Amino acid sequence: MQPEPWLRSQIWPQLNGWVGFEADDKATGAFIELLHWLRDVLLQDAAFLIAKYPGHPVFRDPVFQSPQFNAFAVKVREAAQEAFEDDRATAIEKVIPEVSEKLRGLTAHQLTIEKAVERRHFEMLQEIQVLKAQIAAISRMEYQVVTTFTPGGQLHCTEQFARRQGCEVSPLVAPPLTLAAVSSPAGLEAPAMTIARQGPPQIRFPRTLCSVRDLYQLWRYGLATMPSVDELEKRWGSRWRLRTERQLFSMRKVVMDEVVRLANARGWSEEDAVREVEKQRVEGGNLSLDALAKQLKAARQARGGSPPS
């Protein structure tokens, strides 16, 4: 915003006589041009400074009280405000793409979290259904104990589960028991007995398992018809296994070894590893556990690895 000629002429009036003067040297000519430029700058800056310092002695000069200067000052401030608004709008336009990109990233991250939560929710519902089915199965069970005493002090005990609806399951057969002590305290109608087991139970491995999840449930937590394999192994070692089922146990253990190997190698929970091995079983053609074990065993031999301890 340039001041009008009259307003310009009121700043350093003597400079008006040097208009069009041709100096003998460049330095003098450049200095005169500088003075012409500086009085424009002085008037432009005064438009802002007079509002901030209205009582300053410089602004008592009549030129700064004139209507021409007041009109010029208003135009200068309006032009500066428009330029500021334009600069702010430009800055906003530059920032908006970055903000938009950031929002897209946050939205994608949120969608990923929501999908993970939804998937886990679905898995938990499935697990709850399995637990409900197991509880229902337990509620339909009767536990029968048949005890036989022999004259030699041996106590033979056969333990068996049977469903109320008539569907029999594998019996749990216990070895002979020893009658350690029999007493009849006064005032009691029935004798009190302390019985000590001589050996491990002999349990037939369930034939109804068809998925890796079912096998994992049996191995770690047990089923309604059988305690967990981990518990049996910890307490009895291999003595609880029937001789006719050693091959079956070995093949099932190959699958569990793969679950443990995946969990350790990838830093997963065993539940995640179970889902991965089950996925391999289904995608391989809905394999049986035996066929899956053979496939895993072949892959392990190809890697040259050994089962996890």
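Taking label positions 7 Å along the Cα-Cβ direction at both D230 and Q280, the computed distance is 2.1 nm, reported to one decimal. Available extension along the chain between S288 and A51 is 76.3 nm, counting 0.36 nm per residue and deducting the alpha carbon span. Placing a label point 7 Å from the Cα of W18 along the Cα-to-Cβ line, the residues of region 35-57 whose backbone N sits under 18 Å from it are 35-43. Packing, taken as the mean count of other beta carbons within 10 Å per residue, orders the peptides 118-130, 207-219, 258-270 from highest to lowest as 207-219, 258-270, 118-130.
Q65 to E4: extension gain in nm, 0.36 nm per residue of separation minus the Cα-Cα distance?
Length gained between Q65 and E4: 20.4 nm.
One chain, two ends: I96 and R246. Fully extended at 0.36 nm per residue, the span grows by 47.1 nm beyond their Cα-Cα distance. Note on A30 and C210: their simple-model spin labels are 9.8 nm apart, each label 7 Å out from Cα toward Cβ. With a Förster radius of 41 Å applied to the beta-carbon distance between I138 and R104, the computed FRET efficiency rounds to 0.20.
Only the coordinates and a few stated rules stand behind these numbers; no lab work does. These numbers come from a predicted model, not from an experiment. Note that each Cβ is placed from the backbone with ideal geometry, even for glycine, and that neighbours are counted across all protein chains shown.
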